[in-house]
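Trainee: Pasting a structure here, questions to come.
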Amino acid sequence: MERNVGITIRLPRKQRETLHKKAQHTGNSLTKFLISSALSERGAANKEDREAIGKLLYEVRKAGNNLNQIAHEIHASKFTNARTPTETEIIETILELKEAIKTIKKRL
């Protein structure tokens, strides 16, 4: 696509630096980053979306922590008389993770 029209914007230096860092983080030039962000069908995440994503990530971390504890208990039970998690506990934790992942996919 031919680029023959320019746009000039004015913004504080700090905002430009922030945009530039975000562009670098995505591996794009500032121009490409701004164009793809502005023309994206999803658009920029609004405050509610960011809060919802934060809550979902909390749930995934919590379920992941539960899974890690179960794995630790299983490992420890091999060397001690520690309690081995029940099959039900393991399945419940896996289902929590699956549900959290499904919810995140719907939101994205």
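Trainee: Within the stretch 25-44, is there a residue that is in a helix (DSSP H, G or I), within 30 Å of K106 (Cα to Cα) and at pLDDT below 80?
Mentor: The answer is no, given that none of the residues of the stretch 25-44 is in a helix (DSSP H, G or I), within 30 Å of K106 (Cα to Cα) and at pLDDT below 80.
Trainee: Could you grab me the full set of residues in the stretch 83-108 that are assigned to a helix (DSSP H, G or I) and among the charged types (D, E, K, R)? Walk me through how you get there before you give the answer.
Mentor: Here is the first cut: in the stretch 83-108, the residues assigned to a helix (DSSP H, G or I) are 87-107.
Result: E87, E89, E92, E96, K98, E99, K102, K105, K106, R107.
Trainee: Mind telling me which of the residues G6, G54 ends up being free of Cβ contacts under 8 Å to residues at least 60 places away in the same chain, farther than 21 Å from E89 by Cα and part of a loop (DSSP other than H, G, I, E, B)?
Mentor: Being free of Cβ contacts under 8 Å to residues at least 60 places away in the same chain, farther than 21 Å from E89 by Cα and part of a loop (DSSP other than H, G, I, E, B) holds for just one of G6, G54, which is G6.
Trainee: Every residue in the stretch 63-82 that is exposed (fewer than 13 other Cβ atoms within 10 Å of the Cβ) and in a helix (DSSP H, G or I), please.
Mentor: Passing the criteria: N65, N68, H72, H75, K78, F79.
Trainee: Okay, next question. Taking the stated definitions as given, is R16 basic (K, R) and assigned to a loop (DSSP other than H, G, I, E, B)?
Mentor: no
The values are calculated or read from the model by the stated rules, or taken from the named source; none is laboratory data. Bear in mind that the values here come from a model prediction, so they are computed numbers and not experimental data. A quick note on method: Cβ atoms are made from the backbone with ideal geometry, for glycine too, and the neighbour counts reach across all protein chains shown.
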